[in-house]
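Note sheet for the following structure.
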Amino acid sequence: MGSVRVRIGRWGYDGPMDPRPAPGIEGVVLGQGASSSFDGRPGMPDRFGRALRDLRISVTDRCNFRCPYCMPAEVFGRDFAFLPKELVLSFEEITRLAGIFVALGVGKLRITGGEPLVRRDLPVLISDLAALRTPEGDPVDLTLTTNGSALRALAGPLAEAGLQRITVSLDSLDDEVFGTMNGVEFPVSKVLDGIAAARAAGLAPIKVNTVVRRGMNEASVLPLARWARSEGLILRFIEYMDVGHSNGWRLDDVVPAAEILELIDAELPLEPVAAQYRGEVAGRYAFRDGSGEVGIIASVSAPFCGDCTRARLSAEGSLYTCLFAVAGTDLKGPLRAGATDAELAALVESLWSVRADRYSELRSAATEKLPKVEMFALGG
Ligand code: SF4
């Protein structure tokens with residue numbers, strides 16, 4: 001395959017390209033080395049050979065919760081100025097960009113926020129995204145992460161629109177503890193109602209994410225594990241992270257994966273399970289009695305940057321190549337200024353090809369204070 005050096009449009013990219021067109025997206029061509037050595041699928045590798053496989057799409061920076069580890073109320077009060085509507089990508093723009101990422105090798109789209117269910121008419125976007133097909137002609141793996149506050153009403157419409165599975169954040173089954181962890185005293189029962197509605201709507205699997213912060217909810221770990229096991233839900237514990245620059249993160253407040261596992265294993269013996277695919281975020285542990293599994297996302301004690309295949313598209317239309325980024329690259333500007341799909345694709349590939357992010361492996365006292373973009377602004 002001869003590589004052709006071309007200059008694409010007005011937006012910086014000047015590299016070798018494979019002239020075969022990708023299906024469905026006009027003029028988008030797959031990057032050099034179509035079959036990446038990462039996992040045998042087409043796609044441009046980054047500086048560490050990691051392929052672009054997952055796109056987290058933030059559809060809003062707004063949220064109705066004020067979780068202290070993400071959007072502490074004392075910093076993001078009721079009068080906090082979220083993005084004005086005109087700066088937020090429309091559903092058409094999101095779908096167009098998502099289509100370009102899928103043509104470049106992305107197989108999984110995760111809808112996030114802020115809280116995605118506060119964005120009006122979200123099922124419309126879900127149905128547009130569900131229609132996308134990979135270069136191999138397969139449907140994309142379409143999922144969503146929510147705090148569950150509006151899930152009881154929206155689970156049905158989202159599933160009908162084409163959503164396949166869902167992840168719900170729930171940091172405790174204890175109302176008082178959960179109220180503190182969500183910052184707005186939101187009751188556990190309403191989130192449980194949402195999970196029941198998701199199950200009734202046929203969304204599967206249903207995963208539950210729990211951020212564990214020392215001194216706040218470590219006593220909730222075992223009750224949550226018992227509950228998820230009895231409900232047949234996949235529970236994933238997340239180590240508290242120094243995301244953004246406002247949550248006052250301290251290493252002492254982290255409950256490391258080993259300690260979480262110990263808490264559970266003492267009553268519900270666990271054994272490690274192999275990852276389902278390269279780049280899977282959570283470490284998997286099955287209950288020895290075969291009654292299910294739990295996961296641990298250990299960004300602090302066991303970083304997983306080596307296989308990180310994730311990019312993030314903010315509600316404002318910027319591309320971020322790491323959760324702990326201090327800056328992103330504007331895609332909305334070129335898009336609204338008339339860039340073609342091929343030009344946008346070339347821009348994305350040029351950014352990914354030079355990506356060298358591995359923040360969690362480099363985390364130190366020096367990195368903690370970096371002006372990292374807030375997690376709710378880049379889609380978690
Ligand atoms: S720290 Fe950045 S590079 Fe590492 S796993 Fe997280 S998002 Fe990926």
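The values are calculated or read from the model by the stated rules, or taken from the named source; none is laboratory data. Just so it is clear, the model here is predicted, and its values are computed rather than measured. Here the Cβ is made from the backbone with ideal geometry for all residues, glycine too, and neighbour counts use every protein chain on show. The protein model used for the area step is the full one, side chains on, heavy atoms only, and it has no ligands, DNA or RNA in it. Shrake-Rupley method; radii C 1.70, N 1.55, O 1.52, S 1.80 Å.
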Pick from segment 184-234, criterion among the acidic types (Asp, Glu) and assigned to a helix (DSSP H, G or I), ranking: farthest from LEU261 (Cα to Cα) = ASP193
query = Does segment 259-277 contain any residue that is among the hydroxyl-bearing types (Ser, Thr, Tyr) and open to solvent by less than 30 Å² (accessible area, probe 1.4 Å)?
reply = no
inquiry  = Any residue in segment 357-368 that is near the ligand (Cβ under 7 Å from one of its atoms) sitting within a Cβ distance under 8 Å of a residue that is β-branched (Val, Ile, Thr) and part of a loop (DSSP other than H, G, I, E, B)? List the pairs, counting only those 6 or more apart or interchain.
reply    = ASP357/THR321; SER360/VAL300
remark   = Selection over segment 356-380 where residues are touching a Lys or Arg at 6+ places or on another chain (Cβ under 8 Å) and either acidic (Asp, Glu) or assigned to a helix (DSSP H, G or I) (or both) yields a count of 1
ask   = Restricting attention to segment 333-356, which residues are under 20 Å from the mean Cα position of the chain (by Cα) and either within 23 Å of ILE94 (Cβ to Cβ) or more than 15 Å from the ligand (Cβ to nearest atom) (or both)?
value = VAL348, GLU349, LEU351, TRP352, ARG355
Condition met for PRO371 (away from the ligand (no atom under 12 Å from the Cβ) and open to solvent by less than 20 Å² (accessible area, probe 1.4 Å)) = no
task = Could you tell me which residue of segment 308-332 is most open to solvent (accessible area, probe 1.4 Å), considering only residues that are away from the ligand (no atom under 16 Å from the Cβ) and either part of a loop (DSSP other than H, G, I, E, B) or closer than 18 Å to GLU239 by Cα (or both)?
result = GLU316
key: Residues located in segment 117-131, provided they are crowded, with 20+ Cβ neighbours inside 10 Å and under 24 Å from TYR277 (Cβ atoms)   = ILE126, LEU129
query = For segment 235-307, which strands (runs of 3 or more DSSP E) that fit wholly inside it have 3 or more residues that are within 16 Å of the ligand (Cβ to nearest atom) and closer than 26 Å to MET181 by Cα?
reply = 293-297
ask   = Can you name every residue in segment 135-170 that is assigned to a helix (DSSP H, G or I) and among the charged types (D, E, K, R)?
value = ARG152, GLU160
query = For LEU173, are the conditions met, namely being modelled with pLDDT of 95 or more, in a loop (DSSP other than H, G, I, E, B), aliphatic (A, V, I, L, M) and over 20 Å from the mean Cα position of the chain (by Cα)?
reply = yes
note = Subset of segment 333-355, residues within 21 Å of PRO45 (Cβ to Cβ) and not in a helix (DSSP H, G or I), comes to VAL354, ARG355
query = Condition test on GLY295, is it more than 19 Å from ALA51 (Cβ to Cβ) and open to solvent by less than 20 Å² (accessible area, probe 1.4 Å)?
reply = yes
request  = Can you confirm whether segment 180-189 contains a residue that is in contact (Cβ under 8 Å) with a residue 24 or more places away in the chain, charged (D, E, K, R) and more than 19 Å from LEU122 (Cβ to Cβ)?
outcome  = no
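Yes or no, residue by residue, for (1) β-branched (Val, Ile, Thr); (2) at pLDDT below 95; (3) not in a helix (DSSP H, G or I):
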| site | (1), (2), (3) |
| --- | --- |
| THR60 | yes, no, yes |
| CYS63 | no, no, yes |
| CYS70 | no, no, yes |
| GLY77 | no, yes, yes |
| ILE94 | yes, no, no |
| LEU109 | no, no, yes |
| LEU117 | no, no, no |
| ARG120 | no, no, yes |
ask   = Across segment 148-175, what is the number of residues that are out of contact with any helix residue (DSSP H, G or I) (no Cβ under 7 Å at 6 or more places or on another chain) and polar (S, T, N, Q)?
value = 3
ask   = How about segment 360-380: which of its residues are within 16 Å of the chain's Cα centre (by Cα) and more than 21 Å from THR167 (Cβ to Cβ)?
value = VAL373
ask   = Only one of (1) within 18 Å of LEU144 (Cα to Cα); (2) assigned to a helix (DSSP H, G or I); (3) open to solvent by less than 20 Å² (accessible area, probe 1.4 Å) is not met by ILE100, so which one is it?
value = (1)
task = Within segment 83-93, count every residue that is touching a helix residue (DSSP H, G or I) at 6+ places or on another chain (Cβ under 9 Å) and either surrounded by 23 or more Cβ atoms within 10 Å (Cβ to Cβ) or without any contact (Cβ under 8 Å) to a residue 40 or more places away in the chain (or both).
result = 3
inquiry  = Based on this model, can you work out whether ASP61 counts as touching a residue at least 24 places away in the same chain (Cβ under 8 Å), within 20 Å of ALA150 (Cα to Cα) and either touching a Lys or Arg at 6+ places or on another chain (Cβ under 6 Å) or of a type in the set (Asp, Glu) (or both)?
reply    = yes
note = Here the qualifying pairs (Cβ atoms under 6 Å; residues six or more apart or on different chains; first in segment 251-268 and on the phi < 0 side of the Ramachandran plot; second open to solvent by 70 Å² or more (accessible area, probe 1.4 Å)) come out as ASP253/ARG214; VAL255/ARG214
